Amino acid sequence: MKLLEEILAHNEKFVGNQDYEKYQTDKFPNKRAVIISCMDTRLVELLPQSMNIGNGDAKVIKTAGAIVGDPFGSVMQSILVAVYELKADEVFVVGHHNCGMSSLNAEAMLDKVKERGVSEETLATLEHSGVNLDQFLQGFDRVEDSVKHSVETIKHHPMLPSDVPVHGLVIAPDTGKLDVVVDGYQQ
Ligand SMILES: [Zn+2]
């Protein structure tokens, strides 16, 4: 059975058995928080469990590396929507140790892009039209620095209300232990 079929077969039972009942809530976060974290598979359940976040408690945004790079990109857009439209009033950036983005090498990834059939010409056209591929595929050296940078991008955003605390944390993907990099109440 292919994955989509597996998912749909499970889904039919899930809905039929009314397993959804225990998850029912509304779109407003009970803890009035927005969490930006990494898409890492180890964090799917560990992160909310380790932070005591249940269904309905928070808005959760996942990206590779919990990076907020573009102040007018979709991640920042989501944060602003959460704050203005969904009653969130606190932001948590949660990076993690041993993150795939800490070892991301743009050059090596571009080699893989080419091996999978994307032509040199296509990449050259992108570069000529103003896309900086090295920057687009940039990771980070230290997760603490990356978290601090993301916190600053959010905190100094011209459209973020100044009374919204923005915290920076790093989680251990094996134990769930959180370390504070930026305490947003001290800003
Ligand atoms: Zn990661």
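Numbers for the structure displayed
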{"item": "Subset tally (residues that are in contact with a helix residue (DSSP H, G or I) (Cβ under 9 Å, 6 or more places away or on another chain) and open to solvent by 20 Å² or more (accessible area, probe 1.4 Å)) for the stretch 51-74", "result": "15"}
{"item": "Residues of the stretch 65-105 satisfying the condition of being touching a residue at least 40 places away in the same chain (Cβ under 8 Å), within 16 Å of the ligand (Cβ to nearest atom), in a helix (DSSP H, G or I) and touching a strand residue (DSSP E or B) at 6+ places or on another chain (Cβ under 7 Å)", "result": "65, 66"}
{"item": "Only listed residue being away from the ligand (no atom under 14 Å from the Cβ), open to solvent by 70 Å² or more (accessible area, probe 1.4 Å) and not hydrophobic (A, V, I, L, M, F, W, C), chosen from 116, 142", "result": "116"}
{"item": "Where residue 33 falls short, out of the listed (1) aliphatic (A, V, I, L, M); (2) open to solvent by 20 Å² or more (accessible area, probe 1.4 Å); (3) touching a Phe, Trp or Tyr at 6+ places or on another chain (Cβ under 8 Å)", "result": "(2)"}
{"item": "Condition check for residue 160: part of a loop (DSSP other than H, G, I, E, B) and surrounded by 16 or more Cβ atoms within 10 Å (Cβ to Cβ)", "result": "yes"}
{"item": "Evaluation of residue 174 against (1) out of contact with any helix residue (DSSP H, G or I) (no Cβ under 6 Å at 6 or more places or on another chain); (2) open to solvent by 60 Å² or more (accessible area, probe 1.4 Å); (3) outside any loop (DSSP other than H, G, I, E, B); (4) not polar (S, T, N, Q) (one fails), failing number", "result": "(3)"}
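The values are calculated or read from the model by the stated rules, or taken from the named source; none is laboratory data. Nothing here was measured: the structure is a model prediction, and the numbers come from that model. Methodologically, a virtual Cβ is constructed for each residue, glycine included, from the backbone with ideal geometry; neighbour enumeration extends over all protein chains shown. Surface accessibility is based on the protein's heavy atoms, side chains included, excluding ligands, DNA and RNA. Shrake-Rupley method; radii C 1.70, N 1.55, O 1.52, S 1.80 Å.
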